[in-house]
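The values are calculated or read from the model by the stated rules, or taken from the named source; none is laboratory data. What you see is a predicted model; the values in this text were computed from it and never measured. When we count neighbours, we look across all protein chains shown, and the Cβ atoms used for this are built from the backbone with ideal geometry, even at glycine.
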There are 2 protein chains.
Amino acid sequence: MAVELQKSVTGRAFSVLDTFDANHRRQTLAQIARRSKLPLTTVHRLVHELVAQGALNRSTDGAYEIGRKIWSLGILASLHSDLREIALPYMEDLYQLGNDAVQIGLLDGFRCLIVERIAGSRTLSVISKPGARLPLHASGVGKVLLAYGSKELQQGVLDSLDRYTDKTITDAAELKKQLKKIKDLGYAHSEEELAVGARTLAAPIYGSGNKVVAALGIVTPVDNRDIMRIAPLLVASANALSKKLIAAGISDLSKLV
Amino acid sequence: MAVELQKSVTGRAFSVLDTFDANHRRQTLAQIARRSKLPLTTVHRLVHELVAQGALNRSTDGAYEIGRKIWSLGILASLHSDLREIALPYMEDLYQLGNDAVQIGLLDGFRCLIVERIAGSRTLSVISKPGARLPLHASGVGKVLLAYGSKELQQGVLDSLDRYTDKTITDAAELKKQLKKIKDLGYAHSEEELAVGARTLAAPIYGSGNKVVAALGIVTPVDNRDIMRIAPLLVASANALSKKLIAAGISDLSKLV
DNA sequence: ACCGATATTCCGTTCAGCGGAAGTTGCTCA
DNA sequence: TGAGCAACTTCCGCTGAACGGAATATCGGT
């Protein structure tokens, strides 16, 4: 976490909010102070104001969590609502094929940000909830974004390939070969590279100017042999979705990054 | 909009953010200034700081909208993530019965806040996206919350019954009778009371102490005759979900209101 | 060319925000 | 039982960040 020391009030307020992430959804006052690197007294005051605004909640045990105000503002973000309205029908159709989780990921720095997902009761509980940031080299959606990404992006990612399972690709040459193949085939495939038991397929979503702006993926148990037959359907869905997004003028998802 | 004049910086910052709602997802600087009742110069400065933080986006045409930072913080709200994890499987099962939209609503002042929804491609495009605030007297989920709500709540709502369609119940006595029936049956039914062509069923979700904390609803086209057969299933799902929520300790959804 | 609305830059004043110090609560360990 | 520690809260005098009026710039409409 590259913590910029903020001097404006709003900056400090967001330093406080930024200490919240998927692994720190509930924090005590002292935790927030440590993580934001702000004086405890300052955090105390800010947090109280944020609670008064409904931006934070204090639960009964004294810990703080993100409040309802932020949530209801968040769903107004076009990232969420525009994309969701257009993409959900396509995702739903894919879901019906085999009740496998379906997800959409965006490039976010050197990670893949999951912005939408559907999953049912029988779906394997994936790591990739909305808001999750998956590694680019170890997920279907990630590899798609990487394959179609810029030279700089690929260089940056290839330099440090973290290992998640014993099938994670940590060899740069091998990964490069795969990226080439992904562009040839038009879709990516991964098997237990991020989590044991999970297999994924993913296809690129295009914005205007044939630029890849997102990836549409499907996650299924590793013992599901049918999955490869789904690939053409996935690619077709991604293409149809691309056209819809461009027609709706939502082709610059990148600016949301 | 009861605009409190805010004197703290955070207060002012949220006055700015609060001008964004479902009907004002994209606003110009001047619009924000007018709606927040803050001096233009002040808003100008605040908005620029918020853009720098990623809390707002400025799109190419100069208008501002909620940014990605707020979105990613919002999905950390327990309102969203805790409830979602537990409720989605049940909602998904109901959805599979007939591909009708399924929704969960919470009491929020004199309205029903939709916090979760699933819907597919063929689903009629309902008004009730997540974040929507439905009237209590003219929606299935709303009527459930109203029926099990406090005397004060009922009084407040019954005092002014807005009309949305020609089937909207605007007669207080008639509505009172319905509320009683809802408590007897254990579920609510509405037909084109909010939007023409839509019919809904809804059942209460209980928290600890047998308090109704939310409502689970299903929205279907008005010509769907099967729907009444779903009622017992809906009630059963709502009860099962209630138990799960209590077991998980998420029985005080009300504090999120 | 003129007008009205919107957006941006400038700058002197002042009060909201700051954070160290000290006090309170509540826990753990000897 | 009480000393010690950590989390939390209250107090208060100093100061620079926030404020917003005025001037300027930009855009679109007629």
**OP:** Would you check which residues across the range A:4-37 are of a type in the set (A, V, I, L, M, F, W, C) and within 23 Å of residue B:15 (Cβ to Cβ) and list them?
**Re:** A:9, A:13, A:14, A:16, A:17, A:20
Original post:
Given the conditions (1) closer than 25 Å to residue A:82 by Cα; (2) more than 19 Å from the chain's Cα centre (by Cα); (3) outside any helix (DSSP H, G or I), and given that residue B:7 satisfies all but one, which numbered condition is not satisfied?
Top reply: (1)
**OP:** Tell me which residues, restricted to the range B:61-73, are more than 8 Å from every other protein chain (Cβ to nearest Cβ) and either within 12 Å of DNA strand D (Cβ to nearest atom) or among the basic types (Lys, Arg) (or both).
**Re:** B:61, B:62
Original post:
What number goes with the only condition from (1) surrounded by fewer than 16 Cβ atoms within 10 Å (Cβ to Cβ); (2) farther than 30 Å from residue A:77 by Cα; (3) at pLDDT 95 or above that residue A:233 does not pass?
Top reply: (2)
Subject >> Residue list for the range B:69-88, filter: over 15 Å from residue A:24 (Cα atoms) and at pLDDT 90 or above >> reply: B:69, B:70, B:71, B:87
Subject >> Tabulated pairs, the range A:153-176, first within 8 Å of residue A:138 (Cβ to Cβ) and touching a residue at least 24 places away in the same chain (Cβ under 8 Å), second loosely packed, with under 11 Cβ neighbours inside 10 Å and of a type in the set (A, V, I, L, M), C-beta under 8 angstrom, 6+ apart or interchain >> reply: none
Subject >> Residue list for the range A:30-58, filter: away from DNA strand C (no atom under 13 Å from the Cβ), assigned to a loop (DSSP other than H, G, I, E, B) and crowded, with 19+ Cβ neighbours inside 10 Å >> reply: A:55
**OP:** Could you check how many residues of the range A:168-187 are under 26 Å from residue A:236 (Cβ atoms) and acidic (Asp, Glu)?
**Re:** 1
Original post:
For the range B:17-60, which residues satisfy the criterion of being within 11 Å of chain A (Cβ to nearest Cβ), within 12 Å of DNA strand D (Cβ to nearest atom) and charged (D, E, K, R)?
Top reply: B:45, B:49
